[in-house]
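Input: one structure, supplied below.
Taken together, the values in this text are just the output of simple stated rules run on the coordinates, not laboratory data. Remember, predicted model here, so these are calculated numbers, not experimental data. When we count neighbours, we look across all protein chains shown, and the Cβ atoms used for this are built from the backbone with ideal geometry, even at glycine.
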Amino acid sequence: MADSPVAAPTKRSFPRVEFTDSEAGALEFPSSKSRTYNYFKPAKLRATVYEDVTVDVQPDPDRYLTQGWIYGFGDGPGGYPHDWTAAKSSNWHQFLDPNEEWEQTIFRNNAAVVRQINLCLENAKRANAYDHWNAPWSKFVAQNLGAWMHAENGLALHVFTSIQRSCPSNMINNAVAVNAAHKMRFAQELALFNLDLSESHLEFDGSAHKEAWQNGSEWQPTRKVVEELTATGDWCELLFATNVVFEQLVGQLFRSELMMQVSARNGDYITPTIVGAGENDYNRDSSYTRVLFQLLVQDEKFGASNKELFGTWMTKWVPRCLDAANAMQPIWSQPADKVRTYAESFQSAKEKFTQMLEEIGLDAPKELNQ
Amino acid sequence: MSRQSLTKAHAKISELTWEPTFATPATRFGTDYTFEKAPKKDPLKQIMRSYFPMEEEKDNRVFGAMDGAIRGNMFRQVQQRWLEWQKLFLSIIPFPEISAARAMPMAIDAVPNPEIHNGLAVQMIDEVRHSTIQMNLKKLYMNNYIDPAGFDMTEKAFANNYAGTIGRQFGEGFITGDAITASNIYLTVVAETAFTNTLFVAMPDEAAANGDYLLPTVFHSVQSDESRHISNGYSILLMALADERNRPLLERDLRYAWWNNHCVVDAAIGTFIEYGTKDRRKDRESYAEMWRRWIYDDYYRSYLLPLEKYGLVIPHDLVEEAWNRITNKFYVHETARFFATGWLANYWRIDPMTDTDFEWFEDKYPGWYSRFGKWWEAYNRLRYPGKNKPIAFEDVGYEYPHRCWTCMVPCMIREDMVMEKVDGQWRTYCSETCAWTDIKAFRPEYEGRDTPNMGRLTGHREWETLHHNKDYSEIIQDLGYVRDDGKTLIPQPHLELDDPKKLWTVDDMKGNVFMSPNILLNEMTDDERAAWATAYRANDNICRV
Ligand SMILES: [Fe+2]
Ligand SMILES: [Fe+2]
Ligand SMILES: [Zn+2]
């Protein structure tokens, strides 16, 4: 490399390359073979890359921090105090993200998704795929898919972004940051799809989403829950209410039980690609959420009180989300080809919600069947 | 994407926000700043569709370089003098990175204008990227460099070490206290805009000169995200400037943030660059020369000064004084000597300086030899165990310094030391400005106005307090800076690994009792304390042994 002895035309100086033999194994001495991060116990026999790059990066007096937080807030200690949520854990550091998200996975996965969507949208344009859309479907997408993108964006910027400041460990922090990235990406994809449709030959009102979201009766209870979520201070409640309750009863209901089911029958094969990516995100994000709440429910010391607490959170959020779901009912009859009834969709969403609660170790709340 | 479609895409993405009517986002983190009069700005939105592939592409280059470095046996050419300091640097830096991620929602909370929220959220993802990519680089060093000790306990050592704590300000300071002070002025307007140039550009360049071309690959990749962060911060700064009531706070925070960044970053990075290098070409820029270019010209003259036209009061005096400390007061050299005095409290090894180094220092910093030469000769002479104690416990004309209560770097410029009784305790500060930071700035009231959101300086700020009056052999075992034979220390005052007799062990530490300067100071009578302060300020600490 830099040591080629070619004489430079002008006198420029370069650092000298020197043979130092500083490779692993060049000598044996105490610790010369100590080649693992030894301050945490990996979940399996060997630490994963994910564990190596994530565990203990944010210090904690519960771990090795000896001098304590060196900055405090005007009204309390600094760092990420445990009382920023009512939920309790014997060891917040026990949580590991089952998706093992770190730098490389974040960009690899999301880049793959945007490439796929981009390709799909380009093909759609070339094939004039929107020309076959009927008028009711065009209006349906403009209003409803258009309204929904606001929800995704609000959750990205004011729910998940905010949780990652308040939650206690680096592992929770990183998982939630990735969740925020998913939501932001998905909201933008929906917006750019909306832009494509506005620019196609199709009769499509690219601004209809504003009115639908701000004033449409089908969407007001949903907007209300989203705004109430953003107003919630307890980070763990916020995560529970969003990823366990809202996403199951409202998010999946709309994305999976409606959009994914009816689009193709209405001549639209683009929407399922985009919304499917959002569903895939939620699938990943619900799995870290499930693991976190399982740990809290199974906590030897605090499991019982956590269960009770999550019960009160459900009492608060389930009815709000049911209101949102019910208000959406009329949109099921808007497309020309109605493949599914609201009742069928809602039943399926409820079942999935109950199943997730079961996996976490919680009973379905009585509000669900009222 | 064409320019036209890019503009349309930005406009469309702006439609994603709305005016809430049922409930507004919780203000979890308060600020004493006001943004009621903030002008509506519409900075370009980051489009995730191009963001992810762009970053992935950058990553691919980084990972490619990592593979190449291993295949090309990079570590046969790496200078141990250099890589040892990376045990410290890379233990600290992933935390400031991820703290920058945590700072973003604080800025989003504090600044009500949705136009800038998108950019801040993308910055959050960048910072997760930075934190984990740096942890991964460190893992590569641990796996492939001759001496993994210190890398292997990296995050634990960061959390219990005096230097880790100094570095932790750069991190905790981003996420604690007034949301704007922390996430905007301290993090972005000063740390990112001014000091990432020395951290992520100047320092990695020096790595390359020492045979390590991976550090530059990773850190230049990190730095390439920084310009977006800088413009996020600049937008918020302009919004804050729109309201007269913010002026005194801006002035306060710029003084604090500038000075604290200088104290911390210049101490650390200055030491890495000047004392971690083997490159002693006379035309190699010194840290002072780099600082003049990156910080004084590029930041102070090109970024800060133009803000005067908006009525911002710039801390000219503190910029000049930082320069004065770096050149005339030998700030970096005092820091390096302190690190080397305390080698036994480190989790890395420090190479002695040689005649070649002496010559370079004298050339770049005239007067260096008469102040530091003899001391480094003593360091060299005392580098093996057996006949002598560690240099910290030998008389080499160096008085162990008291710590600055604010920046936690010791008060090494002796004549500038300030001593005050604050909150019922005698404290020492490295400078007037650090004293002001504790006594005036980080308080619930500032110049007669309530500042309830301002942060506080907390914690066991003097590291030595935790280990007061203990035998050093116990302390080092408590810290865990011991190799896997259970007795050889991780830190060593030299790089020679060829002979076990040259390596210090726990036993060699026995009989050396460690005292906290601050505890001793508080135990003195008033007369003793006054006399001590006078003597401390007068001590030139020149080694005459
Ligand atoms: Fe960063
Ligand atoms: Fe940054
Ligand atoms: Zn100081």
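Round to the nearest 0.05 the FRET efficiency obtained for A:Q261 and A:R35 when R0 = 56 Å and r is the Cβ-Cβ distance.
0.60
Tell me which of B:Y234, B:A107, A:G74 sits at the most positive position along the dipole axis of the protein assembly as shown, charges placed on C-beta atoms (Lys, Arg +1; Asp, Glu -1).
Farthest along the dipole direction, towards plus: B:Y234.
Roughly how far apart, in whole Å, are the Cα centres of the range A:204-238 and the range B:176-241?
36 Å
For chain B, find the longest principal axis of its Cα atoms and tell me its angle to the long axis of helix B:162-175, 0 to 90°, nearest 10.
Long axis of B:162-175 versus the principal axis of chain B: about 10 degrees.
Something else: Please report Rg (one decimal) and Dmax (integer) in Å for the Cα set of the range B:1-112.
Looking at the range B:1-112, its Cα Rg and Dmax stand at 21.7, 64 Å.
May I ask for the distance between the Cα centers of the range B:389-444 and the range B:452-479, given as a whole number of Å?
The range B:389-444 and the range B:452-479 have Cα centres separated by 14 Å.
When the Kirkwood hydrodynamic radius is evaluated over all pairs of different C-alpha atoms of the range A:45-89, what value in angstrom, to one decimal, is obtained?
By the Kirkwood definition, the hydrodynamic radius is 12.8 Å.
Taking the Cα centre of chain B as origin, sum charge times position over the Cβ atoms of Lys and Arg (+1) and Asp and Glu (-1), and report the length of that vector in debye to the nearest 20.
So the dipole magnitude of chain B works out to roughly 740 debye.
Still on this structure, I have one more. Any lysines with Cα under 25 Å of the B:K37 Cα? List them, leaving off those in the same chain fewer than 8 positions away.
Of all the lysines, those that pass the test against B:K37 - Cα under 25 Å, at least 8 places apart if same chain - are B:K45, B:K309.
Can you give me the relative contact order of the range A:160-257 as a percent, contacts being Cα pairs under 8 Å and 6 or more apart?
Relative contact order of the range A:160-257: 24 percent.
How big is the range A:1-134 in terms of Cα radius of gyration and Dmax, in angstroms?
Taking only Cα atoms of the range A:1-134, I get Rg and Dmax of 26.3, 76 Å.
So, one more: How much space per residue, in cubic angstrom, does the convex hull of the C-alpha atoms of the range B:52-465 take up?
141 Å³
Further, regarding this structure: Considering amide H positions built from the backbone, and no H for Pro or chain starts, which residues 5 or more places from B:T505, or on another chain, come under 5 Å of its amide H?
So B:T505 has HN proximity to B:L489.
As a check on your grasp of the helix formula, calculate [θ] at 222 nm for the protein assembly as shown: sum -39500 (n - 2.57) over DSSP H runs of n ≥ 4, divide by the residue count, round to the nearest 500. The partial results should precede the final answer.
Values: 34 runs with 434 residues, N = 915.
Helix contribution divided over all residues of the protein assembly as shown: -15000 deg cm²/dmol.
Now for a different question. Can you list which of the DSSP-assigned H helices in chain A have a Cα extent of 30 Å or more along the long axis and an average Kyte-Doolittle score of at least 0.0?
What comes out of the filter, once short or polar helices are dropped, is A:170-199.
Follow-up. Short version: ³J(HN,Hα) in whole Hz for each residue of the range B:395-406, in order, from phi by Karplus 6.51 cos²θ - 1.76 cosθ + 1.60 (θ = phi - 60°), x for Gly and Pro, what are they?
8, 10, x, 10, 8, 4, x, 7, 8, 6, 4, 7
Hey, what does the equivalent ellipsoid look like for the range B:163-224, semi-axes from the Cα gyration tensor as sqrt of 5 times each eigenvalue, largest first, whole Å?
26, 13, 8
GluC sites (Glu not before Pro), restricted to the range B:281-378: which are DSSP loop and have at most 14 other Cβ atoms within 10 Å? Don't jump to the answer; show the numbers that get you there.
Working: sites: B:E285, B:E289, B:E308, B:E320, B:E321, B:E334, B:E359, B:E362, B:E377; in loops: B:E285.
Taking the range B:281-378 and a limit of 14 other Cβ atoms within 10 Å, no loop GluC sites (Glu not before Pro) are found.
Okay, moving on. Which is farthest toward the positive dipole end of chain A among A:G303, A:A135, A:A124, measuring Cα position about the Cα centre, with Cβ charges +1 (Lys, Arg) and -1 (Asp, Glu)?
Positive-most Cα among the choices belongs to A:A124.
Using the 10 angstrom Cβ neighbour count as an exposure proxy, how do B:R337, A:R35, B:R544 rank, fewest first? Walk me through the numbers on the way to the answer.
On the way: B:R337 24, A:R35 16, B:R544 8.
By the 10 Å Cβ count, ascending, the order reads B:R544, A:R35, B:R337.
Now a separate question. Can you list which of the chymotrypsin sites (Phe, Trp or Tyr not before Pro) found in the range A:135-209 are DSSP loop residues with at most 12 other C-beta atoms within 10 Å?
Answer by residue number: there is no such site.
Have a look at chain A and give its Rg and Dmax from the Cα atoms, expressed in angstrom.
25.3, 86
Enter the per residue convex hull volume of the protein assembly as shown, computed from alpha-carbon coordinates, in Å³ rounded to the nearest integer.
Hull volume over Cα atoms, normalised by residue count, gives 175 Å³.
Right, something else. Once fully extended, how much extra length lies between A:E122 and A:E211, figured as 0.36 nm per residue of separation less the alpha-carbon to alpha-carbon distance?
Details: separation 89, 0.36 × 89 = 32.04 nm, distance 2.83 nm.
Additional length available on full extension: 29.2 nm.
Going down the list B:K87/B:K387; B:K364/B:K470; A:K210/A:K338; B:K156/B:K440, which pairs span over 31 Å between their C-alpha atoms?
Violating the 31 Å Cα-Cα cut-off are B:K364/B:K470; B:K156/B:K440.
In addition: Could you state, as a whole-number percent, how many of the C-alpha pairs of the range B:158-299 are farther apart than 19 Å?
Numbers: 5601 of 10011 pairs.
When every Cα pair of the range B:158-299 is considered, 56 percent fall beyond 19 Å.
Which of A:K350, A:K41, A:K224 ends up with the largest GNM mean-square fluctuation for chain A, with Cα atoms connected below 10 Å?
Per the Cα network of chain A with a 10 Å cutoff, A:K41 tops the list.
Can I get the semi-axes of the range A:173-269's equivalent ellipsoid? Compute them from the C-alpha gyration tensor as square roots of 5 times the eigenvalues, in angstrom, largest first.
Taking √(5λ) for each Cα gyration eigenvalue gives 27, 16, 15 Å.
A follow-up question, please. Can you list residues from other chains, or at least 5 along the same chain, whose modelled amide H is less than 5 Å from the amide H of A:A24?
Excluding prolines and chain starts, which carry no amide H, the hits are B:Y145, B:I146.
Could you pull out every residue, at least 5 positions away or on a different chain, whose amide H is within less than 5 Å of the one on B:H402? Hs are placed 1.01 Å off N in the peptide plane, and Pro or chain starts have none.
B:C411
What does the extension gain come out to for A:S348 and A:A112, with contour length at 0.36 nm per residue minus their alpha carbon separation?
Taking A:S348 through A:A112 to full extension adds about 82.0 nm, to one decimal.
Working out 0.36 nm times the residue gap between B:D298 and B:E359, then minus their Cα-Cα distance, what length gain in nm do you get to one decimal?
This chain segment gains 19.0 nm when fully extended.
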